[in-house]
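The values are calculated or read from the model by the stated rules, or taken from the named source; none is laboratory data. Worth saying up front: this structure is predicted, and the values here are computed from it rather than measured. Backbone-built Cβ (ideal geometry, glycine too); neighbour counts: all protein chains shown. The accessibility values were calculated without ligands, DNA or RNA, using every heavy atom of the protein model including side chains. Shrake-Rupley method; radii C 1.70, N 1.55, O 1.52, S 1.80 Å.
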Amino acid sequence: MKKRLAALLCAVVLLCAAALPRAEAAASTVYLLATNDKMCDLPGGLLPVAVSGTIYVPYLVFDKATTGVDLGVYYGLTQERGTILTLYSLSGYLTFTVNMGICVDNQDTQMDFRAVIRNGVVYVPAAAVCNFFGLTYSFLPTTDRGTLIRITNSSSTLSDSVFLSSASGGMNHRYNNIINGQEPMATPAVNNPAPTAPPQPSSTPAPGSTTKEDVHVYLAVDASQAGEGLLSLFPSSTHALFLFTPDSLAPQSALIRQAVAAGHSVGLIVDGSAEDALEQLERGNELLTHIARIRTRIVSAPERLTASLTGAGWSCWTPNVTGSTSADLLRGLESRKSMGRVTLPANTSVVSRVLSQLRADRYTLRQPLETNL
């Protein structure tokens, strides 16, 4: 009797052990992805992931060429100095400095969420990003097909329940392929990169002396006549104020959208009487609304207009370093002890030379915004 009982217990243990892998597989969560009324298959089998209870999606979900669905949100990705991802639409933009765990919006407000990297791919928090850009985020668990993450805009025609029903076959096919393959694409395991430490000064300055790092430099560019290639001269970590006359906005619409997407500020250049200047500014903002869905309160105008424009609620850009050549501009900066405001001409050689020297001399570069002019 004892032998039979022992044999029975062994059999039970073996059966439980054999069942464990299947139970773990069934318990593992598979996240599938859909955009509007279409299942979304990203390159390399990329799927949403859960990070500390928050669902993240690969940035490629916003690439129309990849998904075949235009959500009205687009991206720019640079890796010159760390990984920086910009998501933008006509209503605004988010810039993720991934390695630093920072995200700011087009008002330079730091957000309470961040991007992460999984298997070398940037992922963004789905619900937070959708909320910012006015998209609809749906978390749709099922009993036998995993959990569907669906992102939609106004072009979607199917409700979540109808879409779940119509996409049942496609979801089953994808879910079974993932479960049978058990590849780790649904739960990538690469850790986030550690925050990048700021560069340290090469030497310790003498007490009371001024180093170039003590000088905050704000850069603007007279971009009314700017040609191709100007924007590419700016590293992803350097943001400037791009200035345009109202008459140049339409011809430079592509540059404006690219500058906004890259995180730069936009301002207007006006002249004439105070009344004429205000009319030009209103016309310029109306054009900017159509071109990039933004409005600006930054203006570059002659000194005689500064008081009236400031009184009307405008932030005036007033450079304190002037010159038409890189040598003149850099020489002017040498005399600045705490802050320099520089307007660069739309000359690629001048801009390239100045930016290179500013980085070499370790000036602290700051973005001109309404709040700091």
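Tell me, yes or no, whether region 77-87 has at least one residue that is modelled with pLDDT under 90, of a type outside the set (Val, Ile, Thr), more than 20 Å from residue 288 (Cα to Cα) and under 12 Å from the mean Cα position of the chain (by Cα).
yes
Could you list, in sequence order, the residues of region 343-353 that are open to solvent by less than 40 Å² (accessible area, probe 1.4 Å) and more than 26 Å from the chain's Cα centre (by Cα)?
Within region 343-353, the first condition is being open to solvent by less than 40 Å² (accessible area, probe 1.4 Å), and the residues that meet it are 343-345, 350-351.
Listed by number, the residues that qualify are 345, 350.
Looking for whichever is at pLDDT below 90 and either among the aliphatic types (A, V, I, L, M) or out of contact with any Leu (no Cβ under 6 Å at 6 or more places or on another chain) (or both) here; the options are 108, 144. Which one fits?
Working: 108 fails: either among the aliphatic types (A, V, I, L, M) or out of contact with any Leu (no Cβ under 6 Å at 6 or more places or on another chain) (or both).
Exactly one of 108, 144 is at pLDDT below 90 and either among the aliphatic types (A, V, I, L, M) or out of contact with any Leu (no Cβ under 6 Å at 6 or more places or on another chain) (or both), namely 144.
Tell me whether region 176-189 contains one or more residues that are open to solvent by 60 Å² or more (accessible area, probe 1.4 Å), at pLDDT below 85, touching a Gly at 6+ places or on another chain (Cβ under 8 Å) and at negative phi.
Taking region 176-189 as the starting set, the residues that turn out to be open to solvent by 60 Å² or more (accessible area, probe 1.4 Å) are 176-177, 180, 182-184, 187, 189.
Then drop every residue that is not at pLDDT below 85, which leaves 180, 182-184, 187, 189.
Filter once more, so that each one left must be touching a Gly at 6+ places or on another chain (Cβ under 8 Å): 183.
So of that shortlist, the ones also at negative phi come out as 183.
Within region 176-189, one or more residues are open to solvent by 60 Å² or more (accessible area, probe 1.4 Å), at pLDDT below 85, touching a Gly at 6+ places or on another chain (Cβ under 8 Å) and at negative phi.
Can you name every residue in region 25-75 that is of a type in the set (D, E, K, R) and over 25 Å from residue 161 (Cβ atoms)?
Those that are of a type in the set (D, E, K, R) and over 25 Å from residue 161 (Cβ atoms): 63, 64.
Please specify each residue of region 140-153 satisfying the condition of being surrounded by fewer than 16 Cβ atoms within 10 Å (Cβ to Cβ) and either in contact with a strand residue (DSSP E or B) (Cβ under 9 Å, 6 or more places away or on another chain) or closer than 16 Å to residue 50 by Cα (or both).
Step one: filter region 140-153 for residues surrounded by fewer than 16 Cβ atoms within 10 Å (Cβ to Cβ), giving 141-144.
Scanning region 140-153 gives 141, 142.
Assuming residue 372 fulfils every condition listed in (1) exposed (fewer than 13 other Cβ atoms within 10 Å of the Cβ); (2) at pLDDT 90 or above; (3) in contact with a Lys or Arg (Cβ under 9 Å, 6 or more places away or on another chain) apart from one, which condition is it?
All conditions are met except number (2).
Looking at region 99-139, what strands (runs of 3 or more DSSP E) fall wholly within it and have at least 2 residues that are open to solvent by 30 Å² or more (accessible area, probe 1.4 Å)? First the steps, then the outcome.
Working: elements: 102-105, 116-118, 121-125.
Here the list reads 102-105.
For residue 85, all conditions in the list (1) touching a Leu at 6+ places or on another chain (Cβ under 7 Å); (2) open to solvent by less than 50 Å² (accessible area, probe 1.4 Å); (3) in a loop (DSSP other than H, G, I, E, B) hold save one; what is the number of the exception?
Checking residue 85 against (1) touching a Leu at 6+ places or on another chain (Cβ under 7 Å); (2) open to solvent by less than 50 Å² (accessible area, probe 1.4 Å); (3) in a loop (DSSP other than H, G, I, E, B), the one that fails is (3).
Cβ-Cβ distance below 7 Å, separation of 6 or more or different chains: which pairs start in region 291-302 with a residue that is in contact (Cβ under 8 Å) with a residue 12 or more places away in the chain and end on one that is open to solvent by 10 Å² or more (accessible area, probe 1.4 Å) and part of a helix (DSSP H, G or I)?
291/253; 291/257; 292/257; 292/260; 294/260; 297/370; 298/370
Which of the numbered conditions does residue 157 fail, given that it passes all the others? Conditions: (1) in contact (Cβ under 8 Å) with a residue 40 or more places away in the chain; (2) not in a loop (DSSP other than H, G, I, E, B).
Single failed check for residue 157: (2).
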